[in-house]
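Visitor: One structure, pasted below without further comment.
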Amino acid sequence: MCDACGCGDVRIVPVELHERLLAGNDRTAEHNREHLRAHGVVSINLMGSPGAGKTALLEATARAFGGTERLAAITGDLETERDADRVRAAGIRASAITTGSACHLDAEMVHHALHDDIAHGADYLFIENVGNLVCPAIYDLGQEANVVALSVTEGEDKPLKYPTMFRNADLVLLTKIDLLPALPDYDRRAVEDALARVMPNPRMIAVSARSGEGIGEWMKWMQRLRSPQPSRSAGAAMAT
Amino acid sequence: MHEYSLVQGLLDRIEKEARAHAASGVHRVTVRIGRMGGVEPGLFATAFEMSRVGTVCEHAELELKTEDVRWACGVCGCDIPQGRELACPSCGWPARMVGGDALVLERLELEVNGHV
């Protein structure tokens, strides 16, 4: 019903917006990034399936740095602080985000965690995302780089099955390579081939949190993030 | 199932736009989703159906435009077919995605009472 004369006419008013659905998340992510950069903190969004070895990787990284770098972590899980407890025991200052039923972290959750001063004085901040190869891929958190942990027991074709996740990765860590003797059919070249089809700049480091193999190379890769990069991936896919 | 949180954000955004135009309802919502935008269009539509009850979008039609993935050479611009190695066959330069990662609220058609 028309408010002016009661004639009952309804006009259709088109509004052109062309606005990213994640525009709000992206703004908060940019704010996080500026804050972390201003404080000299290199932040890494660590993603991967549940059980890919993300937490073990952080433990091994802390052992390898041996206190020479100050490490902090935000760990995301649906329930429990178990991952935060584990990385704390390894000497990493940690804060847990329990998401309830949410399948990913978003920039607002990370922003909230940063308010607890978790990254204060840190050289590196790891944001250990919820174990999931789907949903976390599109949420920019304000990280400097996206790293995906892919364990050898997940098979060689995961990148082809979850292309959005791997496309947004700056680095893939092939984890649990100490298990390779038990996987005689595992074909590392097949993983590399799969990555080349979904990542424009494929980069993979094979590591074992158990034996420490490859961890040195991973640390060097992290350290290179310290030098200024020409517009590193902002993580999430950008609208075209 | 991040589609539900995306739809919630979308509904909040539309609510704001509807208020700004003093709209009584929303006739149509057009969203563009790339095939590598990280969103499943079917799930998105279901999430919209379930979440819009009691909102300004209660009777709105959701129009989803899907967008194919397209890769091209970052230098010479030649097309690189999806599924191939993401490097230019001629110059070897890494491919660049030129379509298929959209997740965009394109357009609204608002229902506004009365004459112009």
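Visitor: Being out of contact with any strand residue (DSSP E or B) (no Cβ under 8 Å at 6 or more places or on another chain), open to solvent by 70 Å² or more (accessible area, probe 1.4 Å) and under 24 Å from B:MET1 (Cβ atoms) is the filter here, so list the residues in the stretch B:11-48 that pass it.
Guide: B:ASP12, B:GLU40
Visitor: Name the single residue that is farthest from B:GLY38 (Cα to Cα) among those in the stretch B:99-116 being within 20 Å of the chain's Cα centre (by Cα) and either more than 7 Å from chain A (Cβ to nearest Cβ) or among the acidic types (Asp, Glu) (or both).
Guide: Of the stretch B:99-116, the ones within 20 Å of the chain's Cα centre (by Cα) are B:99-110.
Add one more test, that the residue is either more than 7 Å from chain A (Cβ to nearest Cβ) or among the acidic types (Asp, Glu) (or both), and what stays is B:100-101, B:106, B:109.
On the way: B:GLY100: 10, B:ASP101: 8, B:GLU106: 17, B:GLU109: 26 Å.
Looking at residues that are within 20 Å of the chain's Cα centre (by Cα) and either more than 7 Å from chain A (Cβ to nearest Cβ) or among the acidic types (Asp, Glu) (or both), I get B:GLU109.
Visitor: Can you tell me which residue is nearest to A:GLN223 (Cα to Cα) among those in the stretch A:43-60 that are open to solvent by less than 10 Å² (accessible area, probe 1.4 Å) and of a type in the set (A, V, I, L, M)?
Guide: A:ILE44
Visitor: Looking at A:GLY76, A:GLY100, which is the one that is among the small types (Gly, Ala, Ser) and open to solvent by 20 Å² or more (accessible area, probe 1.4 Å)?
Guide: Just one listed residue meets the conditions, A:GLY100.
Visitor: Would you mind finding the one in A:HIS120, A:HIS111 that is outside any loop (DSSP other than H, G, I, E, B), touching a residue at least 60 places away in the same chain (Cβ under 8 Å) and surrounded by fewer than 23 Cβ atoms within 10 Å (Cβ to Cβ)?
Guide: One residue alone meets the criteria, A:HIS111.
Visitor: A further question on this structure: Kindly indicate whether any position in the stretch A:178-193 is surrounded by fewer than 22 Cβ atoms within 10 Å (Cβ to Cβ), within 11 Å of another protein chain (Cβ to nearest Cβ) and either at pLDDT 95 or above or closer than 21 Å to B:CYS73 by Cβ (or both).
Guide: yes
Visitor: Restricting to the stretch A:135-155, count the residues that are open to solvent by 10 Å² or more (accessible area, probe 1.4 Å) and in contact (Cβ under 8 Å) with a residue 60 or more places away in the chain.
Guide: Total satisfying the criteria: 3.
Visitor: For the stretch B:70-101, how many residues are open to solvent by less than 10 Å² (accessible area, probe 1.4 Å) and either charged (D, E, K, R) or closer than 30 Å to A:ARG11 by Cα (or both)?
Guide: Result for the stretch B:70-101: 1.
Visitor: Filter the stretch A:211-240 down to residues that are at pLDDT 95 or above and in a loop (DSSP other than H, G, I, E, B) and give me whichever is nearest to the other protein chains (Cβ to nearest Cβ).
Guide: Step one: of the stretch A:211-240, the residues at pLDDT 95 or above are A:211-225.
Cutting the leftovers down to in a loop (DSSP other than H, G, I, E, B) gives us A:211-214, A:225.
On the way: A:SER211: 31, A:GLY212: 31, A:GLU213: 27, A:GLY214: 24, A:LEU225: 19 Å.
Checked the stretch A:211-240; the qualifying residue nearest to the other protein chains (Cβ to nearest Cβ) is A:LEU225.
Visitor: Continuing with this model, one more query. Just name the residue that is nearest to A:LYS158 (Cα to Cα) out of those in the stretch B:71-91 that are within 12 Å of another protein chain (Cβ to nearest Cβ) and assigned to a loop (DSSP other than H, G, I, E, B). Don't jump to the end; show me each part of the working.
Guide: Narrowing the stretch B:71-91 to residues within 12 Å of another protein chain (Cβ to nearest Cβ): B:71-74, B:80-88.
Next cut, assigned to a loop (DSSP other than H, G, I, E, B) only: B:74, B:81-86, B:88.
Values: B:GLY74: 26, B:PRO81: 20, B:GLN82: 16, B:GLY83: 14, B:ARG84: 16, B:GLU85: 16, B:LEU86: 17, B:CYS88: 23 Å.
Looking at the filtered set, the residue picked out is B:GLY83.
Visitor: Shifting gears a bit: For the stretch A:93-108, which positions are under 17 Å from B:LEU6 (Cα atoms) and not in a loop (DSSP other than H, G, I, E, B)?
Guide: Within the stretch A:93-108, A:ALA107, A:GLU108 qualify.
Visitor: Please list, ordered by residue number, the helices (runs of 4 or more DSSP H) wholly in the stretch A:1-92 having 3 or more residues that are within 14 Å of chain B (Cβ to nearest Cβ).
Guide: Filter on the stretch A:1-92 gives A:23-38.
Visitor: Only one of (1) closer than 22 Å to A:THR164 by Cβ; (2) open to solvent by 70 Å² or more (accessible area, probe 1.4 Å); (3) not in a strand (DSSP E or B) fails for B:HIS59. Which number is that?
Guide: (1)
Visitor: In addition: Going by the conditions given, is A:ASN168 of a type in the set (S, T, N, Q), within 30 Å of A:GLU34 (Cα to Cα) and open to solvent by 80 Å² or more (accessible area, probe 1.4 Å)?
Guide: no
The values are calculated or read from the model by the stated rules, or taken from the named source; none is laboratory data. Only a predicted model underlies this, so the values are computations on that prediction, with no experimental measurement involved. Reconstructed Cβ throughout: ideal geometry from the backbone, glycine too, with neighbour counts over all protein chains shown. Only protein heavy atoms, including side chains, enter the accessible area calculation; ligands, DNA and RNA are left aside. Shrake-Rupley method; radii C 1.70, N 1.55, O 1.52, S 1.80 Å.
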